[in-house]
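Data first, discussion second: the structure below is written as structure tokens.
No lab work stands behind these numbers, since they all come straight from the coordinates. Please read these numbers as outputs of a predicted model, since none were measured by experiment. Please note: Cβ atoms are built from the backbone with ideal geometry, for glycine as well, and neighbour counts cover all protein chains shown.
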Amino acid sequence: MNPAGVTIMNNNTKPGSQLLVLLAVTLVCFIAATLLIVALSAIGIDAASGWPLYVSQTLSQMIMFLLPVYIVVRLYHSDNPRLYMRADFGRRAWLLSLVGMAAMLLMAPVNDWLTAWNDSWTFGRFDAPLRDMQQQTEAVSAQLLGGSDAGSLLLNLLVVALVPAVCEEIFFRAGMQNLLQRWFTGGSVDGRKAGSVAAIVVTAAVFSLAHGELYSFMPRFVMGILLGALYVYGGSIVVNVAAHFINNAVVVLIYWLVARGVLDIDPSAPMNIPWLLTTCCTVASLALCWAFFSKDVKKMKISS
């Protein structure tokens with residue numbers, strides 16, 4: 001395993017061009033996924049409720065996120081796709097996955113505070129339509145997460161937690177961030193270069209905006225930065241999927257406990273965690289990442 005993930009693309013390849021191909025293919029796949037939903041409605045299947053909703057959500061994720069990256073990898077990196085995507089499943093990858101999951105959980109309090117702050121934003125005359133869009137998205141989530149039986153919990157852990165974690169991390173980190181990093185650094189994926197930081201930030205912003213919820217932009221943006229750093233320094237997409245999954249799984253579990261009457265809270269509302277606890281958890285998350293990833297950073301070598 002190469003923890004730093006340092007690989008150099010062939011001199012004839014152009015990361016910027018590959019990124020454009022990725023975005024173009026993604027647009028086509030987005031249209032295809034939309035047409036799929038329309039087709040289901042045309043034959044009398046309501047894709048907004050019940051099992052069709054689960055199926056349509058899963059297929060949409062796979063079409064919009066997995067397929068574009070698969071096509072780009074087949075076009076440009078078929079010689080060693082696992083190395084390019086950092087699809088390492090070694091023992092260290094699983095160890096760092098636990099670290100990534102712990103770091104993500106420790107970031108929950110600061111993301112909760114960011115959620116409350118972000119929700120107070122206003123966008124003038126665009127505020128009402130943007131609020132309506134977010135409420136529609138949240139309604140879909142509530143529809144998926146409304147079950148209270150064990151089967152619903154397992155299904156939601158698969159469809160709402162695991163599938164998006166896999167699909168989105170492959171697209172945004174192994175796809176977009178990977179190409180941006182190589183583009184900004186001239187072909188290197190050395191995490192110490194400024195271009196790597198820029199790639200993480202840009203990808204995190206796109207990742208957050210892609211969810212279509214401006215009033216939840218900041219918590220997802222911070223989450224995206226953490227996931228981007230994990231991809232650069234963790235050396236394996238497994239670390240990202242695990243961290244993303246645990247974040248989603250906690251949300252699924254909270255909604256399930258509320259549906260069963262175990263918790264009497266609004267699962268979509270901020271929990272107003274005290275500042276002291278928020279600060280301590282954030283510092284602990286950063287310290288944990290530094291403790292486990294700093295050695296890999298020092299070992300990184302720049303190839304040319």
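Expected output is a single nm value to one decimal: the length gained when fully extending between A32 and L98, i.e. 0.36 nm times separation in residues minus the C-alpha distance. What is it?
20.2 nm
Debye sum, Cα scatterers, the chain, no solvent: what log₁₀ I/I(0) at q = 0.10, 0.11, 0.14 1/Å?
Log10 I(q)/I(0), no solvent term: -0.58, -0.71, -1.15.
Compute the Kirkwood hydrodynamic radius of the stretch 136-238, taking the inverse of the mean of 1/r over all pairs of distinct Cα atoms, and give it in Å to one decimal.
Radius from the Kirkwood sum: 14.8 Å.
Taking the number of other C-beta atoms within 10 Å as the exposure measure, put S268, S97, S152, S17 in order starting with the fewest.
S17, S268, S152, S97
Label points 7 Å out from Cα along the Cβ direction at A287 and Q136: separation in nm?
The modelled label-to-label distance comes out at 4.6 nm.
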